[in-house]
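This report concerns only the one structure given below.
Only the coordinates and a few stated rules stand behind these numbers; no lab work does. Fair warning: this is a prediction, and the values are worked out from it, not measured in the lab. Here the Cβ is made from the backbone with ideal geometry for all residues, glycine too, and neighbour counts use every protein chain on show.
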Amino acid sequence: MSIRTRLMALMAGFAAMALVIATLGLMTLSDYRAMMADSNRAWENSWRGERLNHLVSNVVMESRGMYSAADPAEVPMFAGNLNRNLDAITALLSDWKTAGPAEAKLVTSIEPDVAHFISLRRQMVILALAGHEAEAHALGLSNRTDRTAFQDHLDTVVSQIRVNLDAARQRADRYSRSRAIEFAIAAGVGILSMSALALWALARFVTRPLKALARAIIDTAESDYSVPLPDPKGGDEISTIWRALNILKHRAIEAERLAALQREAEHQKEIELRQLILD
């Protein structure tokens, strides 16, 4: 395997690690969106519950103003305000009921009490506008027990909605913290693992082979042929250089052998020449 291929394999490993972390990030975003949607739904339910409670309180106050008005001319004003609050309650429940299955179930649980409350207040308006403020007051007093029970029921529903809102926020916070830790662990383990693998691969396949190759080249250049050279069969760059160095070494040895023979032959001729001169 060539150095380039090994480096590409390392890059592929880093890419795979990045893909895993990106996938974890996308899953986190998806889960967090779902949790935020639950939190927003809980917040909207809390707002609607508080709004309903506020409107009911407004209706009670306008009712008291209507049958306690010092000036009969003020009764239509209180009656108009009361009707507008009742219309707002009806619109709020209608909108709340279509927000989802859980919201529809919640609205259904209080709908009969709300319908009775609205019906009775409409009757009080009719009596007050007809000049029968005392009868309107008596009707309100006769329904005080039911209204108190309705208010208690409504307060219980609103309290439960607040509990749900707090629970949704806590879930989102816990999830955010746990995923932050998971991200840190995944990134840390991935980076350390890939860094260790990269260092090992560089040392195993690049640094050590190059050091051995450099030592062999120096020995060959200094005519030190005592250390045998490896004869690798691989197709990578290091193996190719080893094979080339082996060829170079053999040729250098052969060149030195031929040079030695030539020197020996020249020396022998010189001896023979001297012998002829002496003779």
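May I ask you to list the lysines whose Cα is less than 25 Å away from that of Lys249, ignoring any residue fewer than eight positions away on the same chain?
Lys211, Lys233
Round to the nearest 10 and give me the degree value, 0 to 90, for the angle of helix 75-97's Cα axis relative to the longest principal axis of the chain.
40 degrees
Identify the trypsin sites (Lys or Arg not before Pro) of the stretch 215-270 meeting these criteria: DSSP loop state and at most 10 other C-beta atoms within 10 Å of the C-beta.
Of the trypsin sites (Lys or Arg not before Pro), the ones in loops of the stretch 215-270 whose Cβ has at most 10 other Cβ atoms within 10 Å are Lys233.
Run the simple label-point estimate for Ser68 and Gln170 please: 7 Å along Cα→C-beta, distance reported in nm.
4.1 nm
Net charge near Ser178: determine it from the other residues with C-beta under 11 Å of the C-beta of Ser178, scoring Lys and Arg +1 and Asp and Glu -1.
Working: positive: Arg171, Arg174, Arg177, Arg179; negative: Asp31, Asp173, Glu182.
Net charge around Ser178: +1.
With only alpha-carbon atoms in the gyration tensor, what are the semi-axes of the equivalent ellipsoid for the chain, in Å, largest first?
On the way: eigenvalues 2197, 33, 29 Å².
That gives 105, 13, 12 Å for the three semi-axes.
For helix 101-129, what angle does its Cα long axis make with the longest principal axis of the chain, in degrees from 0 to 90 and rounded to 10?
With rounding to tens, the tilt is 30 degrees.
Could you work out, for the stretch 63-204, what percent of all Cα-Cα pairs fall into each 10 Å distance bin, beginning at 0 Å and stopping at the bin that holds the largest distance?
Per 10 Å bin, starting at 0, the Cα pair percentages come out as 10, 24, 20, 13, 9, 7, 7, 5, 3, 2, 0.
What is the sum of charges, Lys and Arg at +1 and Asp and Glu at -1, for the other residues whose Cβ falls under 12 Å from the Cβ of Asn164?
Numbers: positive: Arg41, Arg162, Arg169, Arg171; negative: Asp38, Glu44, Glu103, Asp166.
Once all neighbours under 12 Å are counted, the net charge is 0.
Gaussian network model of the chain, Cα springs within a sub-10 Å range: biggest mean-square fluctuation belongs to which of Ile118, Ile161, Ile126?
For the chain, modelled as a Gaussian network with Cα springs under 10 Å, the answer is Ile126.
Net charge within 11 Å of Val60 by Cβ-Cβ distance, Lys/Arg positive one each and Asp/Glu negative one each, not counting Val60 itself?
Within the 11 Å Cβ shell, the charges total +3.
Pick from Leu258, Leu52, Leu165: which is most flexible by mean-square fluctuation in a GNM of the chain where alpha carbon atoms under 10 Å apart are linked?
Top of the fluctuation ranking is Leu258.
What's the angle, to the nearest 10 degrees (0 to 90), between helix 237-278's Cα axis and the longest principal axis of the chain?
So the inclination is approximately 10 degrees.
With runs of 4+ DSSP H residues as the only contributors, calculate the mean residue ellipticity of the chain at 222 nm using -39,500 (n - 2.57) per run, divided by the residue total and rounded to the nearest 500.
Numbers: 7 runs with 242 residues, N = 279.
When only DSSP H runs of four or more count, the value is -31500 deg cm²/dmol.
For the stretch 25-147, what number results from the quotient of the Cα radius of gyration and 2.2 N^0.38 Å?
Numbers: Rg = 19.0 Å, N = 123, 2.2 N^0.38 = 13.7 Å.
So the stretch 25-147 has a normalised radius of gyration of 1.39.
Quick one: the Cα spread of the stretch 172-226 along its three principal axes, in angstroms, biggest first?
74, 11, 8
Just report the Cα centroid separation between the stretch 124-189 and the stretch 79-113, whole Å.
Between the Cα centres of the stretch 124-189 and the stretch 79-113 lies a distance of 13 Å.
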